[in-house]
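What follows is a single structure, written as structure tokens, with notes after it.
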Amino acid sequence: MWFEDRSLSNMKLSSLIVEEWRDIWSSKGEFIVAALAYLFGFTNLLNIPRLILDNGGPAFLFAYLISLLLIILPILLLELSIGQLTGRGPVQTFYNICPVFKGVGISQILFSIILMAMMTRFLGSVFLYIFHLFWTITDDRPGLPWLNCKNFPEYQFGTCIESSSILPINSNSTNFYQNRLATFDENSAFEQFIGIIDVTSENIDQIGKIQINWLIVQCIIWTFVFSGICFGVRWLGKIMIFSLSMSLILLLSLCGRTLFLKGSFQLFFDLFNEIEWWERLKEWQLWKKAIEQAFIATGLGFGAFCTLGSYNKKSNNLVKDSIFLLFGHILLVSLQLIFVLSLVGHISEKSGLLPSEIIVQGENQFRQILVYFSFIPHTKIFTGILLFLASFSLLNILFILSFGVLATIEDALGEKWSKCCPRFTIAFLICCFGAASSIIFATEAGKHIYELASGYLKYSTLLVILFFELLSVAWIYWIHSLGLDLRTMIASTASWVIGHSLLFLNCFLTPIPIGIAVINLIGYSFSKYSPQIRAWYWSEWLGVCIAIIPLLPILFWALIVILKSCNYTPRISLFRRLSMAFRSPLKHELIKSNERSSNVVQHRLMSSGGNTNQNNQSSYRGASTGYILLPQAPLAQPENDEVAGQSSARNQGINQQQTNNSTASTLRAADHTNSRNGSGYLIDDYMHQQQSPSV
């Protein structure tokens, strides 16, 4: 079928040259759509409005924009470049960049798995809201159970007040940024509704029973994820087109409605008329918050862009793509801000409350927005639009993160395993594992575990992974080498010059993630967690373990590779052995790939005469999809038959030499190997040259 078989559009064919490819996007548009769906950044809808109010309005927006242009764009280009260069998932990508830092890719996959399990909890709550919304419609009940007390006695267990009620200014019922709406009051309809659908234990150590309603919605979520990734990248591209289109339509519908509300523009006037807002730009805290939010909103450091870029054609102009994606992200953030700020402006004028008294931050803001709709007509319609918007945007992220896990496993298994373990089976096992890992969040202690895990992971885990990513590519592999690789992939000189310049910025950006992580750790406080978490003595240690576990592969894999290099052979110096462990195996792999391609082409020429194109097509139509791997063994001794093959290849006739040269010219990093002056050779190559100079 079209989504399983490798087609001729996925490979380059000529009379003598065959370049092997994994499955690639059916069109460049699908790649752009998938990347934009990942950059949709639903977190901006929940975080940026409060950040704007607390940090000088236009000052924060200016800092966020500069962060996108000078920090996010170079890193985005870097991740797409290494993915498109190697054509592999995060683990194999970092292995081919620097064997010592293969653990960075493993950490990205492990962190993605943990994040997906946590996202299942939040998305599950959205699905429960949708279920109860349709229940009120089919049961013909006015209002909504999380907004109104009347007509929903089964969701109340005490004195009830409307969620849209205004609390007195001296009320101590909530501490959410002096929030004046009753959303989080213990007697509000919202809190009582949550208490019914999500029964929580008294302490985090009391796991309790599995809640069937949460288990069902989480299984539904992973069923959706499986249906999105089970047929590969070309099927995923079609899914993402539909999902992103629906997200944009729903977001534009909300913007179109809120812009015509009374007082919707007042908040914009108040923010942008602030006097001397540029003075706030001198505060380093503002820049720290803007950069950190930019990292979170764009999803860098998860390996997602490495995965998406690995399915591009090697000639794809990723510099233009990166710039387009960045401005697409800016447009999406602008639409999200227009929706929230115009709605808050209307409520502020209608209720007489200040914007700072009705806007909160984080996932609590999602509940707050649901309460906002009680102030406008047709509450159920716009509530449904928001809930489906959240569902589509969060499912998009789950699709891409889970597809990164799928690509990594396919790379590890290789082509031979594809016959007994097809992609459909791998996707099913991944989703089963994801559903099993999220069961803990369906228990009565799930709410507390979610709060603990999300609280500790946001301190430094992602930032440390991002730091090692920049260190391995920008400093160990060396950013100039990546710039030369970029030259081999894109034909436009202007794009290459711009891309090379942007890549060089990553050398200066390397300390930024680790600096923000250190600042976050300095401001760490366990007292901010709920009493149910603090009541257990080991909860703090559990949070530390959750934050550290994704980082362990970086350390362990580096130690394994370094120790293996040190114990390899005493005939070369220790420094030489250590330096070899940090060098990219790309050149070594290309030499072996060149020899194999030459032998294949020569065999086909000898066996089929001039009918080369027909044989190439039939051969590749029978190949398995998406499992071609760069050969591994950066520290392995070359086989004797390979050495003999190299010697015999040099003694072939003129036709064989021409075939070798033609095949070598098509390899995606030929210029890269020439420019690095032999730096890609590994210990095996060095020792072999010492033992057999003639070879």
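Read-outs throughout are calculated quantities, based only on the coordinates presented, and are distinct from any laboratory measurement. Note that the coordinates shown come from a computational prediction; the quantities given were computed from them, not determined experimentally. Here Cβ is always computed from backbone atoms with ideal geometry, including for glycine, and neighbour counts include all displayed protein chains.
The table below lists the values:
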{"item": "Long pairs among 262/320; 150/350; 419/458; 350/380; 320/564, criterion Cα-Cα beyond 31 Å", "result": "262/320; 419/458; 320/564"}
{"item": "Cα→Cβ-extended label distance, 7 Å offset, between residue 238 and residue 157, nm", "result": "4.7"}
{"item": "Estimated FRET transfer efficiency (residue 186, residue 526; beta-carbon r; R0 25 Å; 0.05)", "result": "0.60"}
{"item": "Total formal charge among the other residues, if their Cβ is under 10 angstrom from that of residue 300, Lys/Arg +1 and Asp/Glu -1", "result": "-2"}
{"item": "Pairwise FRET efficiency - residue 140 versus residue 378, Cβ, R0 = 22 Å, nearest 0.05", "result": "0.85"}
{"item": "J(HN,Hα) series, the stretch 203-217, from Karplus relation 6.51 cos²θ - 1.76 cosθ + 1.60, nearest Hz, glycine and proline x", "result": "9, 5, 7, 9, 4, x, 8, 7, 7, 4, 4, 5, 5, 5, 5"}
{"item": "Inter-label distance, nm, simple model (7 Å from Cα along the C-beta direction), residue 548/residue 150", "result": "5.7"}
{"item": "Rounded FRET efficiency, nearest 0.05, which uses the C-beta distance separating residue 576 from residue 209 and R0 of 51 Å", "result": "0.25"}
{"item": "Cβ-based exposure ranking for 191, 415, in which fewest neighbours within 10 Å come first", "result": "415, 191"}
{"item": "Under-5 Å amide H pairs with residue 181, H placed in peptide plane, nonlocal only", "result": "167"}
{"item": "Estimated inter-spin distance, residue 65 and residue 508, nm [label 7 Å along Cα→Cβ]", "result": "2.0"}
{"item": "Under the Karplus curve 6.51 cos²θ - 1.76 cosθ + 1.60, θ = phi - 60°, whole-Hz ³J(HN,Hα) for the stretch 430-442, x wherever Gly or Pro sits", "result": "4, 5, 5, 5, x, 5, 5, 5, 8, 4, 4, 7, 8"}
{"item": "Amide H within-cut-off set for residue 188, under 5 Å, with H built and near neighbours excluded", "result": "161"}
